[in-house]
Every structure is written in C-alpha cells, then in structure tokens.
1. Kindly indicate whether any position in the range 142-150 is in contact (Cβ under 8 Å) with a residue 24 or more places away in the chain, surrounded by 17 or more Cβ atoms within 10 Å (Cβ to Cβ), among the hydroxyl-bearing types (Ser, Thr, Tyr) and closer than 26 Å to Val219 by Cβ.
2. Give me the pairs, please: first residue somewhere in the range 98-110 and touching a residue at least 40 places away in the same chain (Cβ under 8 Å) and within 18 Å of Thr85 (Cβ to Cβ), second residue anywhere and within 11 Å of ligand 1 (Cβ to nearest atom) and of a type in the set (Gly, Ala, Ser), beta-carbon distance under 6 Å, and either six or more positions apart or on two chains.
3. I'm checking my understanding of the structure. Among residues of the range 124-141 that are of a type in the set (D, E, K, R) and surrounded by fewer than 24 Cβ atoms within 10 Å (Cβ to Cβ), which one is farthest from ligand 1 (Cβ to nearest atom)?
4. Evaluate the range 167-175: report whether one residue or more is within 30 Å of Asp79 (Cα to Cα) and surrounded by 23 or more Cβ atoms within 10 Å (Cβ to Cβ).
5. Give all pairs with beta carbons closer than 6 Å in which a residue from the range 183-201 that is within 18 Å of Gly140 (Cβ to Cβ) meets a residue that is charged (D, E, K, R) and part of a loop (DSSP other than H, G, I, E, B); count only pairs at least 6 apart in sequence or on separate chains.
6. What residue, among those in the range 67-103 that are of a type outside the set (Ser, Thr, Tyr), touching a His at 6+ places or on another chain (Cβ under 9 Å) and assigned to a strand (DSSP E or B), is surrounded by the fewest Cβ atoms within 10 Å (Cβ to Cβ)?
7. Looking at the range 177-197 only, could you name the residues that are among the β-branched types (Val, Ile, Thr) and surrounded by fewer than 19 Cβ atoms within 10 Å (Cβ to Cβ)?
8. Determine the pairs where a residue that is surrounded by fewer than 24 Cβ atoms within 10 Å (Cβ to Cβ), located within the range 34-56, has a partner that is part of a helix (DSSP H, G or I) and at pLDDT 95 or above with Cβ atoms under 6 Å apart, the partner being 6 or more residues away or on another chain.
Amino acid sequence: MKLTFEGHACFSIEASGVNLLVDPFITGNPLAVKKVEDFRPDVILLTHGHHDHLGDALTIARRCGATIAAQVDLLNALDTEGIDTVAFNLGGCTVVRGIHLIMVPAWHGSTVSTPEGPRYGGVACGFVIEHEDGNLYHAGDTALFGDMGMVIERYQIGCALLPIGDFYTMGPKDAVTAAKWLKAKYVIPMHYNTFPIIQQDVEAFRREVDEKTDSSCVVLTPGESWELCLSKS
Ligand code: NI
Ligand code: MN
C-alpha cells in the first residue's frame, strides 16, 4: 500500500491497484503541492464536512467518476447529483471497488458551508482500510478518546495517521497517548503546520513517539510517498 501525503489531512493511497483519496483539501491548502486536476482517484473518503476536509471532493468526483464514501448525513447535506456514493455510518464495514473500509468514531463536529449558511453534516468519523499490506487508520479530526484503545486497536493497525495540530484536534501530547493505545507499527502525524494556529514541532513529536511508544514515527513532507508493507517485513 502506497501512501502519499498531500498536506494537512489529505492522503492519496494506492492499494491493490485502486486509488483512494482521503479529505481532498487542495484549493486553499497552503501545503498542497499538486493541483486539483492532478488527482484521478477511484474512491474519495471524507472524514467530515469542514472545508479543510471536504475540500475539492465534489469537483474531483464529478470530473473522474470517483465514488465518494462518507457518513450518510454528510452525503445528505451535499449536492451529490451525478456522483456515485456509498453512504454508510459509524461501525459499518463495506467494500468499495474491492477495498475493505470500516467507519470508526471521531470526536469532532461536522458542518458543511453552503451559500445559505452552515448546514448539519452528521458526525465526524475516521476510517480503517483493511489490507493485506497492513491496516491503515486515518483518524480524521479528533480529540483523544478511550475507544482508540478499546475499539480501533482491535483492527490491528499497521499504520495510524494522527492529527497533532492541537486547537481543532488533539495536540502532540494526546497523539502520543493515542499511539500508545493503538499499538500501531507506524504513526504518521498530520493536520499540523497548515495554518499558524496549528503550528507544531514535528521532530519533537517524532522523538516522543519513538521513545515512549512501541510505534515508529514516520514524518512525511507534502508530496512525499511511503510504502506500508507489513506482509514482507
Ligand atoms: Ni474539522
Ligand atoms: Mn480539520
């Protein structure tokens, strides 16, 4: 499974020849290195409706025929006419284009901005992508919560993508605790340094994870790719 960090909480994931794109915030993302036109995903996953996650999802899906998989109330709040959607909900498992997805809880809000004002966007979520190379957990925007250790840990996470920016989500200290509870082989920080208010010392976070948890921290710069391959190691 190949992951490419696209900046903020956006990741391109290639798994068994299927291209997934999580939270495609490209327009207005100061960390984005690609253009909206550069993305041709088969599947788009959305963790919630905030603009820095929904991003360019509808534009990309319309252009390349991607399926959007997201929480049912979020999809109800969006104009998805002409777009193939998979509207599932927390705790649900589904298979989209051969990829096994589980929607897991996140503690966060979810409104969608519309010309008429903010619209209820359901509950925020994270995703577990189950794959033979190792299971991937994208936490979305979330606070630290105990079910990371009780519910999500059961999926034997190979790699956890965790927000560390603080202010809108958990900060580095809680993300280290999340890493302890999740027992993932690898942890990749996200949702930091995009805006001044979520500026963090990522090298300090890396040291803390490496010293205080059993996980290895992988820091990706925007545009950088990394391979998750636990089956060969
Ligand atoms: Ni958010
Ligand atoms: Mn966010």
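The values are calculated or read from the model by the stated rules, or taken from the named source; none is laboratory data. Because the structure is a prediction, the values reported are computed rather than measured. A quick note on method: Cβ atoms are made from the backbone with ideal geometry, for glycine too, and the neighbour counts reach across all protein chains shown.
1. Yes, the range 142-150 contains a residue that is in contact (Cβ under 8 Å) with a residue 24 or more places away in the chain, surrounded by 17 or more Cβ atoms within 10 Å (Cβ to Cβ), among the hydroxyl-bearing types (Ser, Thr, Tyr) and closer than 26 Å to Val219 by Cβ.
2. Hits for this filter: Ser110/Gly49; Ser110/Gly121; Ser110/Ala124.
3. Within the range 124-141, the first condition is being of a type in the set (D, E, K, R), and the residues that meet it are 130, 132-133, 141.
Cutting the leftovers down to surrounded by fewer than 24 Cβ atoms within 10 Å (Cβ to Cβ) gives us 130, 132-133.
Values: Glu130: 25, Glu132: 31, Asp133: 28 Å.
The residue in question is Glu132.
4. At the first step, the residues of the range 167-175 found to be within 30 Å of Asp79 (Cα to Cα) are 167-169.
If we keep only those that are surrounded by 23 or more Cβ atoms within 10 Å (Cβ to Cβ) as well, we get 169.
So far as the range 167-175 goes, yes, one or more of its residues are within 30 Å of Asp79 (Cα to Cα) and surrounded by 23 or more Cβ atoms within 10 Å (Cβ to Cβ).
5. Hits for this filter: zero, empty list.
6. Start the filter on the range 67-103 by keeping residues that are of a type outside the set (Ser, Thr, Tyr), which leaves 68-79, 81-84, 86-93, 95-103.
Restricting the remaining residues to those that are touching a His at 6+ places or on another chain (Cβ under 9 Å) gives 70-71, 74, 93, 99-100.
Narrowing the set further to residues that are assigned to a strand (DSSP E or B) leaves 70-71, 93, 99-100.
On the way: Ala70: 31, Gln71: 25, Cys93: 11, Ile99: 21, His100: 14.
Among them, the one singled out is Cys93.
7. From the range 177-197, those among the β-branched types (Val, Ile, Thr) are 177, 187-188, 194, 197; that's our starting set.
Correct list: Thr177, Ile197.
8. Phe39/Ile60; Arg40/Cys64; Asp56/Val36
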